[in-house]
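Quick notes on the structure that follows.
The values are calculated or read from the model by the stated rules, or taken from the named source; none is laboratory data. This is a predicted model, so every value here is computed, not measured. When we count neighbours, we look across all protein chains shown, and the Cβ atoms used for this are built from the backbone with ideal geometry, even at glycine. Just the protein is used for accessible areas: all its heavy atoms, side chains included, with ligands, DNA and RNA removed. Shrake-Rupley method; radii C 1.70, N 1.55, O 1.52, S 1.80 Å.
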Amino acid sequence: MPDEAYAMLPQDWAAFCKAAGLPAFRAKQILQGLYRDRIADWAALTTLPPALRERLAAEMPLRQPREVTRTPAGGDGVVKYLLEMADGERVETVWIPADGRVTQCISSQVGCAMHCAFCASGQLGCVRSLTAGEIVGEVMALVRAQGRVPNNIVVMGMGEPFMNYDAVLRALRVLNCQQGLNIGARHITLSTCGVVPGIERLAGEGVQFELSVSLHAPDDALRDRLMPVNKRWPLGVLLPACDAYTAATGRIITYEYTLVRGLNDRPAHAAALIRLLRGRKARVNLIPLSPVAEFEGQTPTHADCLAFLDALLRAGIHTTMRRSRGRQADAACGQLRLRNPKGPTHGTATEN
């Protein structure tokens, strides 16, 4: 059983209460306090006896990430938050409103060990993985700050979710459950840079979460340059695993493809991507590069982006182009960073 309040599922609270000789309704009261009343301290949950509140404070700490800064991104409503965990480590999370709905982009690790070339998150490696309670705590921190529950969760912030598989899945189950924040499974997206064992495990979980795979290149030679993970799980291994995932779950994978001027955005690259994905049940999400200081690549022209999009659509591949948001706050795809609580930026972080 977890030792963090936010990592506990309803069945865990039921078992906790039973083991403590408490009536079953106490578990319901605890869940209502955490997710309906959004208490920040067990002392505030006055529906519980004082002795139980004291026990919970001692055995099931409410690890509240502390808001360090919030950075609005111009006029598009995007806000980036820097949150500090109990041990002083920090992560970034982004609040993204659109058309009356809100998506929160959350982190799964402090930094990232995958070292994708154009991603700020992975430039200096991973400090540690977040616990399940800390991941749920990211969401609860913004729920309190914004006064509402996000409609969608995307695990596309700092870190590689499948390198922290157990904690991430537990956190998402908590966020999804009815007695938690009740965020629909199909409104929760996991993004991986291509960690095949994680894809294979997820296929057997029986969950309806969405899966996004960062592709970014149509061949191994170029993908090796951009994404070191490809040397371990090349396209000849990754794509069959994705096909097996779709066959087992009925879920269609979204392939993320960041367009970099002159590097992977030419007509020949579009043609190669079409050959790679033709006949597969797949969606493609094109992402014009968001500038990152450590990467020399540039954003393609709008005309080149549209030409790439048009080529895929004409080939019958379901393709969309992501509108880049949050750049003014360095909160766009690939721009989240690891922040040093004792000084200036010492690392980096983000979406895969």
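Of the residues Leu238, Leu190, which single one is modelled with pLDDT of 95 or more and assigned to a helix (DSSP H, G or I)?
Of the residues listed, the single one that is modelled with pLDDT of 95 or more and assigned to a helix (DSSP H, G or I) is Leu238.
Among the residues of region 171-187, what is the count of those that are farther than 13 Å from Ile253 by Cα, in a helix (DSSP H, G or I) and open to solvent by 60 Å² or more (accessible area, probe 1.4 Å)?
Of the residues in region 171-187, 2 are farther than 13 Å from Ile253 by Cα, in a helix (DSSP H, G or I) and open to solvent by 60 Å² or more (accessible area, probe 1.4 Å).
So Asp41 passes all but one of these: (1) surrounded by 13 or more Cβ atoms within 10 Å (Cβ to Cβ); (2) under 29 Å from the mean Cα position of the chain (by Cα). Which condition number does it fail?
Status for Asp41: all satisfied but (1).
Give me the residue from region 177-229 that is of a type in the set (Asp, Glu) and touching a residue at least 24 places away in the same chain (Cβ under 8 Å) and, out of that set, farthest from Glu160 (Cα to Cα).
Asp219
Given the structure, is Gly74 touching a helix residue (DSSP H, G or I) at 6+ places or on another chain (Cβ under 9 Å) and crowded, with 23+ Cβ neighbours inside 10 Å?
Against the criterion (touching a helix residue (DSSP H, G or I) at 6+ places or on another chain (Cβ under 9 Å) and crowded, with 23+ Cβ neighbours inside 10 Å), Gly74 does not qualify.
Scan region 242-270 residue by residue and report those that are open to solvent by 10 Å² or more (accessible area, probe 1.4 Å) and outside any loop (DSSP other than H, G, I, E, B).
Matches in region 242-270: Asp243, Ala244, Thr246, Ala247, Ala248, Thr249, Thr254, Pro267, Ala268, His269.
Tell me whether region 138-155 contains one or more residues that are surrounded by fewer than 24 Cβ atoms within 10 Å (Cβ to Cβ), part of a loop (DSSP other than H, G, I, E, B), among the hydrophobic types (A, V, I, L, M, F, W, C) and touching a Pro at 6+ places or on another chain (Cβ under 8 Å).
No, because not a single residue in region 138-155 is surrounded by fewer than 24 Cβ atoms within 10 Å (Cβ to Cβ), part of a loop (DSSP other than H, G, I, E, B), among the hydrophobic types (A, V, I, L, M, F, W, C) and touching a Pro at 6+ places or on another chain (Cβ under 8 Å).
Which ones in region 110-120 are open to solvent by less than 30 Å² (accessible area, probe 1.4 Å) and closer than 16 Å to Asn164 by Cα?
Val110, Gly111, Cys112, Met114
Can we say Leu62 is out of contact with any Ser or Thr (no Cβ under 9 Å at 6 or more places or on another chain), open to solvent by 10 Å² or more (accessible area, probe 1.4 Å), of a type outside the set (D, E, K, R) and in contact (Cβ under 8 Å) with a residue 40 or more places away in the chain?
Spelling it out, Leu62 is indeed out of contact with any Ser or Thr (no Cβ under 9 Å at 6 or more places or on another chain), open to solvent by 10 Å² or more (accessible area, probe 1.4 Å), of a type outside the set (D, E, K, R) and in contact (Cβ under 8 Å) with a residue 40 or more places away in the chain.
Of the residues Leu56, Leu52, Leu48, Leu83, which is under 25 Å from Arg128 (Cβ atoms), open to solvent by less than 50 Å² (accessible area, probe 1.4 Å) and not charged (D, E, K, R)?
Within the list Leu56, Leu52, Leu48, Leu83, the selection yields Leu83.
Filter region 199-227 down to the residues that are within 14 Å of the chain's Cα centre (by Cα) and either among the small types (Gly, Ala, Ser) or closer than 30 Å to Arg36 by Cα (or both) and list them by number.
Matches in region 199-227: Phe209, Glu210, Leu211, Ser212, Ser214.
Can you confirm whether Ser107 is open to solvent by 20 Å² or more (accessible area, probe 1.4 Å), closer than 20 Å to Leu169 by Cα and touching a strand residue (DSSP E or B) at 6+ places or on another chain (Cβ under 7 Å)?
It is false that Ser107 is open to solvent by 20 Å² or more (accessible area, probe 1.4 Å), closer than 20 Å to Leu169 by Cα and touching a strand residue (DSSP E or B) at 6+ places or on another chain (Cβ under 7 Å).
Being in a strand (DSSP E or B), touching a helix residue (DSSP H, G or I) at 6+ places or on another chain (Cβ under 8 Å) and at pLDDT 95 or above is the filter here, so list the residues in region 95-119 that pass it.
Selection gives Trp95, Val102, Gln104, Gln109.
Only one of Ala24, Ala43, Ala19, Ala15 is of a type in the set (Gly, Ala, Ser), at pLDDT 95 or above and within 20 Å of Gly137 (Cβ to Cβ). Can you tell me which?
On inspection, the qualifying residue turns out to be Ala43.
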